[in-house]
Amino acid sequence: MPAKRKPRRLPKAAAAPPDSDLNLLDILDHVLNAGVVVHGSLVISLAGVDLIYVGLNAVLTSVETALRHIEPPRALPPGRR
Amino acid sequence: MPVLPYCMLLRTAGLKLPRKGVGGRPVRRMTEADLLCLYSEGLPPASAEAALEFHRVLAAVMKQASPAPFRFPTVLELEELRRFLHLNSAHFARQLERVQQAVQMELRITATGEPQQAAASGRQYLAARARARKRLQSGARRVRRALGPLARRWRERETAAGLRCYVLVDREQVPRFRERVPAGGGLSIQVSGPWPPTEFLEAL
């Protein structure tokens, strides 16, 4: 008498390991490309002077990095306004 | 004062929320009607480490509630965030009620096994692409059938590598979801998640 065949089970798909092992690229993809987008604005002050008004859809670089690449305002010669 | 908002969620009693966020800064709360918003003060560094810290805050929230995350790095003035919540709290509260206690699981479906042959003509190339697309979509349908009611909602997107499926799943059903996703049929199916249910939140 032939043995009864067990019902064929589909192999399981490759499942992700627990949260702490989520793929780094997947995490970065989600935090950078998914989520609520808000159009913001930021005024950056330095030494009490408002230097930059930035309309932000996305911050492409850190503000500190951006500030390093901006020339300081030139001082006016004495006697000129 | 610049702030980095993490996410919005429904105000629920008894939630234990993370205390520290990006850069070790305290996670603060702002409430508006039925909505709770988490944020930290100060400008975040634009680094992968900061993005991971941002994700950890969301992951801690997701263990208890379904958040609507902000995209990283969103930087606003504190008053802008307050105004944003005041204007949009009803919209996001409705969205979050629809995905309450649910998470987003994702499937990346790619074809395997078929060697790529150089197409002799543009028509052959397009025909091969169409066949590949049909196989992937057929695979997605098979997965969706296998999941049954575990998949509360379903979205698909074609990508350069294959098909990406987003599935809304009740939080406590995630282990069953992972067990029920079939493989085989000449397709590779990679499961990831849980993620915040961003694909199932309507934009403003």
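The values are calculated or read from the model by the stated rules, or taken from the named source; none is laboratory data. Small disclaimer: the values here were computed from a predicted structure and weren't measured. Please note: Cβ atoms are built from the backbone with ideal geometry, for glycine as well, and neighbour counts cover all protein chains shown. Please note that ligands, DNA and RNA were not included when accessible areas were found on the heavy atoms of the full protein model with its side chains. Shrake-Rupley method; radii C 1.70, N 1.55, O 1.52, S 1.80 Å.
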Checklist outcome for this item: Subset of segment B:1-21, residues open to solvent by less than 60 Å² (accessible area, probe 1.4 Å) and either closer than 21 Å to residue B:66 by Cβ or touching a Lys or Arg at 6+ places or on another chain (Cβ under 9 Å) (or both), comes to B:3, B:4, B:5, B:6, B:7, B:8, B:9, B:10, B:15, B:17, B:18, B:21
Checklist entry - Do we find a residue being modelled with pLDDT of 90 or more, surrounded by 15 or more Cβ atoms within 10 Å (Cβ to Cβ) and more than 19 Å from residue A:35 (Cα to Cα) anywhere in segment B:54-62? => result no
Checklist entry - Listed residues B:89, B:66; which is among the polar types (S, T, N, Q) and over 30 Å from residue B:190 (Cβ atoms)? => result B:89
Checklist entry - Can you tell me which residue in segment B:84-116 is nearest to residue B:173 (Cα to Cα), limited to those that are surrounded by fewer than 13 Cβ atoms within 10 Å (Cβ to Cβ) and free of Cβ contacts under 8 Å to residues at least 24 places away in the same chain? => result B:94
Checklist outcome for this item: Among B:157, B:164, B:152, B:141, the single one that is in contact with a strand residue (DSSP E or B) (Cβ under 8 Å, 6 or more places away or on another chain), surrounded by fewer than 13 Cβ atoms within 10 Å (Cβ to Cβ) and not hydrophobic (A, V, I, L, M, F, W, C) is B:157
